[in-house]
Amino acid sequence: MDVWTPDRLRRLCLSFPAAVERFPFSPEISVFSVAGKMFAVSRLDEQPLAVSLKCAPEEALHLRDTYPAVAPGYHLNKRHWITVTLDGSLPDGLTVDLVHESYDLVVAGLPKHRQPRLDDPSAQ
């Protein structure tokens, strides 16, 4: 279990097809999105580093009950978003899985014609 760095989190979020980083709220808040829909939000200069992620409601409840580092989404819909403190207390694989799941949930909610195609090199 490693402590996450801002660069590591940014690289993971930008590794998904058509993922972009924007700053619609303020220059300090990174919003990672796909097709204009956000899947991760973080103040990358914050200590400890934390990221808000979309999550299935049932899983969000389970994660909040199981891990002290997982809280309801900060300034987001508490049912569909969680905020994860990346202090090294969560298994690395779980953190990666939560970011992947957030991206996948957002993509699944997009109309088919707006979903990035994995075989399209311009989506990388």
Just one of Arg79, Arg64 is buried (at least 17 other Cβ atoms within 10 Å of the Cβ), among the basic types (Lys, Arg) and out of contact with any Ser or Thr (no Cβ under 7 Å at 6 or more places or on another chain); which is it? Arg64
Under the condition of being in contact (Cβ under 8 Å) with a residue 60 or more places away in the chain and small (Gly, Ala, Ser), which residue from the stretch 100-114 is nearest to Val84 (Cα to Cα)? Ser102
Can you tell me which of (1) over 13 Å from the mean Cα position of the chain (by Cα); (2) farther than 24 Å from Pro116 by Cβ; (3) not in a strand (DSSP E or B) is the one Ala71 doesn't meet? (3)
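Each row is one residue, and each column tells you yes or no for (1) modelled with pLDDT under 95; (2) in contact with a Lys or Arg (Cβ under 7 Å, 6 or more places away or on another chain); (3) over 15 Å from Ala56 (Cβ atoms).
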| position | (1), (2), (3) |
| --- | --- |
| Pro68 | no, no, yes |
| Pro72 | yes, yes, no |
| Val84 | no, no, no |
| Val96 | no, no, yes |
| Ser102 | no, yes, no |
Using the structure shown, decide if Thr95 is outside any helix (DSSP H, G or I), under 20 Å from Val31 (Cα atoms) and of a type in the set (Val, Ile, Thr). no
Residue by residue through the stretch 1-31, note down the ones that are among the hydrophobic types (A, V, I, L, M, F, W, C) and in contact (Cβ under 8 Å) with a residue 60 or more places away in the chain. Met1, Val3, Trp4, Leu9, Leu12, Cys13, Phe16, Ala18, Ala19
Which residues, counting only those in the stretch 87-99, are under 17 Å from Cys13 (Cβ atoms) and either in contact (Cβ under 8 Å) with a residue 12 or more places away in the chain or not acidic (Asp, Glu) (or both)? Leu90, Asp92, Gly93, Leu94, Thr95, Val96, Leu98, Val99
Hey, among Phe32, Phe39, Phe16, which residue is assigned to a loop (DSSP other than H, G, I, E, B), within 20 Å of Asp97 (Cβ to Cβ), within 13 Å of the chain's Cα centre (by Cα) and modelled with pLDDT of 95 or more? Phe16
Going through the stretch 1-13 in order, the residues found to be assigned to a loop (DSSP other than H, G, I, E, B) and either farther than 24 Å from Asp87 by Cα or not charged (D, E, K, R) (or both) are Met1, Val3, Trp4, Thr5
Among the listed residues Ala35, Ala69, Ala50, Ala40, which satisfies the condition of being touching a Leu at 6+ places or on another chain (Cβ under 8 Å), of a type in the set (A, V, I, L, M, F, W, C), at positive phi and surrounded by 14 or more Cβ atoms within 10 Å (Cβ to Cβ)? Ala35
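The values are calculated or read from the model by the stated rules, or taken from the named source; none is laboratory data. Because the structure is predicted, anything quoted here is derived from the model rather than measured. Because the Cβ atoms are built from the backbone with ideal geometry, glycine has one as well, and the counts that use them run over all protein chains shown.
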